[in-house]
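The values are calculated or read from the model by the stated rules, or taken from the named source; none is laboratory data. Owing to the predicted nature of the structure, the values given are computational and were not obtained by experimental measurement. Heads up, the Cβs are rebuilt from the backbone with ideal geometry, glycines too, and the neighbour counts pull from every protein chain shown.
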Amino acid sequence: MSIQSNFPAVKPSLLLDFANTKQLDNRITFTRSTPAVYYDGKTTAMAEQNLLTYSDDLSDSSWTVANATKVTGITAPDGTATAVKFVEGVTVGGTHFFYKSSGHPNISSKTVVFSIYAKAVERSWISVNTYDSGYIQNYFDIGTGALGTIALGNTANIVSVGGGWYRIDIKRSFGAGLTGIAEITLATGDGVNAYNGNGTSGVYLWHPQIEQRSTATAYTVTTTQPITNYIPVLLSAGGNQARFDYTPTTGESLGLLIEEQRTNLALQSADFSTTWSSANQVSITSNTIVAPDGTLTGDKLIADATSNVHFVVQNTGSISAPWTFSCYAKAGEYSRVGFSYSNTGYVFFNLTTGVQEGTVGGGITSTSITSVGNGWYRISFTSTSTASGGNIGIYLFNTTYTSGIPTFTGNGFSGAYIWGAQAEAGSFASSYIATTSASATRTADRAFMTGANFSNWFNAGQGSFIVNAARAAIQDSTGAGGYGRILGNDTGTNSFLEYSPTTNIVYVSGASAYSFTVPNLNTSASVFNNMAVSYGSTGISVTANNGSVQVNASARMANSNGLYILATGNGAYSTSGLVKRIAYYPIQVTSTNLQALTS
């Protein structure tokens, strides 16, 4: 910023640089009795991982057969022709191998999980092998879905995915100096993998994966390189711990996060196999993908093989208008999910492009979709019709949505990922509040200065506030919209600075109520504005973003005994939002310099 030469040689008597310091001034009292979530701009968790190359192309030369052949173009569970048939050779008393012959991952001194999809054809037994000072063999009956003999020190699972296909996995901790061996051997029974082959019998195989963790997660496609993705982690701040938030996708520091009290009325917010009704032509695979909080709690919503509407639904009970439903979602085989309320309106979102598609109805007045990293989006709709016991549905769709009931034919395997459902009274989605068997409440954030912590820097006769803030939305404690408090004063409803949710009117409630039309003020809820208000013997002046200064020469500021950030002193009015910086000069800054300070 450029300050004119006539600007007095005075420093701010208060400087709160939340975006850079990421801490509270010790003069600020902060309260919130419950935990609350935020991003810290640095914490990530390993999400999808596949250490095997060419996992979606088993015809590649890095996948080799011994005493066997492979037939490509086999229909996989998702309907694509990407599976192979592993066919035994004509061998007397021999073994028949399908294995990764090159491009092995380094699994030295690591715990890993090897998984693969398999389907019985002429043969129904296979052994899944790794190597650690000798071949470690684990037997599976892929005809019946039963475990056979599992090697000591290994943990194994076999799970049906429909259509005769199973996903099998083994977990093992490996010794030092090893690279990964991914090997499948045909067998004629438990422990019997040496036999006379006939040259035609075999099994289907698809989508092998090796992960450095203790549980198999959703499959990740690889080609020439292994893949390890990371997701920004949604962290939990304890009670009375201030949150300094960040944009998860860019790492931008957003400053101090302040929110009013909210309650999540959607039960089992991260477990769609419980409370949510999945009897609507879908199935749920629980805990199959790493969720935005870094835990393996993301669920997969799968459409069955019927031509129908595919959705889960929950009755959240009555919610006063306005109210908002939100959920995190990520594309799987399908890239579209949608919401409805009591089947009176549908709104769909494209999880590949990050845009809303289709029509909005049934009282739905606004929607949002925001990337939170690694393919996850938080999506929401807001309704101005009171929810009187209606059902909230989460839908799958497999093509571009336009209008009407979203009917299509699934395949019993394909779907999308969901996590973190939230239904709350309010005109926007607040930060995520986890629930299990009961609703949960996040109490309000309160940040303020009173007493000597306020009076030791505040000048009642003249002064100037310069604030960089974004109000996420404007909401008072009754649920009604109004002017958003940026800086509240005293113990009542007065404000040093507030502004309208829809216009560029800035409001100062000093000795009287004063309004200013500020040309450069951006009214978007998510945009940070550089705002300034100065007061003294020549009146009150207001500006924003280096715009023209608006002056009321007869206006006077009321006496004050406190500063309340995004709130008023009596707690009756709150604004959810973010504050990067607050500076206070104990002088009435000139119009020229007020513009410069907001540039």
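State whether one or more residues within segment 433-443 are of a type in the set (D, E, K, R), touching a residue at least 12 places away in the same chain (Cβ under 8 Å) and surrounded by fewer than 23 Cβ atoms within 10 Å (Cβ to Cβ).
Of the residues in segment 433-443, the ones of a type in the set (D, E, K, R) are 442.
Then drop every residue that is not touching a residue at least 12 places away in the same chain (Cβ under 8 Å), which leaves 442.
Right, trim to surrounded by fewer than 23 Cβ atoms within 10 Å (Cβ to Cβ) and you get none.
Within segment 433-443, not a single residue is of a type in the set (D, E, K, R), touching a residue at least 12 places away in the same chain (Cβ under 8 Å) and surrounded by fewer than 23 Cβ atoms within 10 Å (Cβ to Cβ).
Given the structure, is Gly93 within 37 Å of the chain's Cα centre (by Cα) and not aliphatic (A, V, I, L, M)? Write out each step before concluding.
Values: within 37 Å of the chain's Cα centre (by Cα): no; not aliphatic (A, V, I, L, M): yes.
Judged against the criteria, Gly93 is not a match.
Segment 547-597 holds strands (runs of 3 or more DSSP E) entirely within its bounds, and those carrying 2 or more residues that are modelled with pLDDT of 95 or more and more than 29 Å from Arg32 (Cα to Cα) map to 550-552. The number of residues in segment 295-340 being assigned to a strand (DSSP E or B), among the hydroxyl-bearing types (Ser, Thr, Tyr) and within 28 Å of Gly412 (Cβ to Cβ) comes to 3. Of the residues Ala118, Ala47, Ala36, the single one that is under 35 Å from the mean Cα position of the chain (by Cα), closer than 30 Å to Gly143 by Cβ and not charged (D, E, K, R) is Ala118.
Among the residues here, Ser160 qualifies as hydroxyl-bearing (Ser, Thr, Tyr) and in a strand (DSSP E or B).
Would segment 403-423 turn up any residue that is within 20 Å of the chain's Cα centre (by Cα) and at pLDDT below 90? Let's see the steps before the verdict.
Here is the first cut: in segment 403-423, the ones within 20 Å of the chain's Cα centre (by Cα) are 415-423.
Okay, now just the ones that are also at pLDDT below 90, so none.
No, segment 403-423 contains no residue that is within 20 Å of the chain's Cα centre (by Cα) and at pLDDT below 90.
Taken over segment 91-120, the criterion of being out of contact with any Ser or Thr (no Cβ under 9 Å at 6 or more places or on another chain) and not polar (S, T, N, Q) is satisfied by Val92, Gly93, Gly94, Ile116, Tyr117, Ala118, Lys119.
Being part of a loop (DSSP other than H, G, I, E, B) and under 30 Å from Thr450 (Cα atoms) is true for just one of Val37, Val10, Val90. Which residue is that?
Working: Val37 fails: part of a loop (DSSP other than H, G, I, E, B); Val90 fails: under 30 Å from Thr450 (Cα atoms).
Result of the check over Val37, Val10, Val90: Val10.
Among the residues of segment 359-373, those identified as of a type outside the set (Val, Ile, Thr) and surrounded by fewer than 20 Cβ atoms within 10 Å (Cβ to Cβ) are Gly361, Gly362, Ser366, Ser368, Ser371.
Here the strands (runs of 3 or more DSSP E) wholly within segment 222-279 that include at least 1 residues being under 23 Å from Phe448 (Cβ atoms) are 235-237, 243-246, 253-258, 262-264. Being among the hydroxyl-bearing types (Ser, Thr, Tyr), touching a strand residue (DSSP E or B) at 6+ places or on another chain (Cβ under 9 Å), over 29 Å from Asn198 (Cα atoms) and at pLDDT below 95 holds for only one residue in Ser101, Ser108, and it is Ser108.
Within segment 571-585, is even one residue in contact with a Pro (Cβ under 7 Å, 6 or more places away or on another chain) and crowded, with 20+ Cβ neighbours inside 10 Å? Please lay out each step first, then the result.
First, the residues of segment 571-585 that are in contact with a Pro (Cβ under 7 Å, 6 or more places away or on another chain): 583-585.
Pick out the ones that are also crowded, with 20+ Cβ neighbours inside 10 Å and you get 584-585.
There is at least one residue in segment 571-585 that is in contact with a Pro (Cβ under 7 Å, 6 or more places away or on another chain) and crowded, with 20+ Cβ neighbours inside 10 Å.
Rundown of residues vs (1) buried (at least 19 other Cβ atoms within 10 Å of the Cβ); (2) within 20 Å of the chain's Cα centre (by Cα); (3) in contact (Cβ under 8 Å) with a residue 12 or more places away in the chain, yes/no style:
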{"residue": "Ile289", "(1), (2), (3)": "yes, yes, yes"}
{"residue": "Ser307", "(1), (2), (3)": "no, no, yes"}
{"residue": "Thr316", "(1), (2), (3)": "yes, no, yes"}
{"residue": "Phe325", "(1), (2), (3)": "yes, yes, yes"}
{"residue": "Phe349", "(1), (2), (3)": "yes, yes, yes"}
{"residue": "Thr352", "(1), (2), (3)": "no, yes, yes"}
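Among the criteria (1) assigned to a strand (DSSP E or B); (2) under 29 Å from Ser236 (Cα atoms); (3) touching a residue at least 24 places away in the same chain (Cβ under 8 Å), the one Ile369 does not fulfil is (3).
Restricting to segment 426-464, name every residue that is of a type in the set (A, V, I, L, M, F, W, C) and under 23 Å from Asp490 (Cβ atoms).
The first filter runs over segment 426-464 and keeps only residues of a type in the set (A, V, I, L, M, F, W, C), leaving 428-429, 433-434, 438, 440, 444, 447-449, 452, 454, 457-458, 460.
Listed by number, the residues that qualify are Ala444, Ala447, Phe448, Met449, Ala452, Phe454, Trp457, Phe458, Ala460.
Could you tell me whether segment 461-479 includes any residue that is part of a loop (DSSP other than H, G, I, E, B) and either at pLDDT 80 or above or more than 35 Å from the chain's Cα centre (by Cα) (or both)?
Narrowing segment 461-479 to residues part of a loop (DSSP other than H, G, I, E, B): 461-462, 477-479.
Of the ones still in play, those that are also either at pLDDT 80 or above or more than 35 Å from the chain's Cα centre (by Cα) (or both) are 461-462.
Scanning segment 461-479, I find at least one residue that is part of a loop (DSSP other than H, G, I, E, B) and either at pLDDT 80 or above or more than 35 Å from the chain's Cα centre (by Cα) (or both), so the answer is yes.
Among the residues of segment 190-245, those identified as among the aliphatic types (A, V, I, L, M), surrounded by 20 or more Cβ atoms within 10 Å (Cβ to Cβ) and touching a Gly at 6+ places or on another chain (Cβ under 9 Å) are Ile210, Ile231, Val233, Leu234.
Considering only segment 434-448, I want to know if a residue exists there that is outside any loop (DSSP other than H, G, I, E, B) and over 27 Å from Arg581 (Cα atoms).
Start the filter on segment 434-448 by keeping residues that are outside any loop (DSSP other than H, G, I, E, B), which leaves 440-442, 446-448.
Restricting the remaining residues to those that are over 27 Å from Arg581 (Cα atoms) gives 440-441.
Checking segment 434-448: at least one residue is outside any loop (DSSP other than H, G, I, E, B) and over 27 Å from Arg581 (Cα atoms).
Being free of Cβ contacts under 8 Å to residues at least 12 places away in the same chain, farther than 27 Å from Thr75 by Cβ and in the same structural domain as Lys330 (by TED's automatic domain parsing) is a property that holds for Ala279.
Within segment 53-68, the presence of at least one residue that is under 30 Å from Gly420 (Cβ atoms) and assigned to a loop (DSSP other than H, G, I, E, B) is confirmed. Restricting attention to segment 111-154, the residues that are more than 20 Å from Asn50 (Cα to Cα), at pLDDT 85 or above and not in a strand (DSSP E or B) total 14. The set of residues from segment 267-281 being surrounded by 24 or more Cβ atoms within 10 Å (Cβ to Cβ) and more than 10 Å from Trp419 (Cα to Cα) comprises just one member, Trp276.
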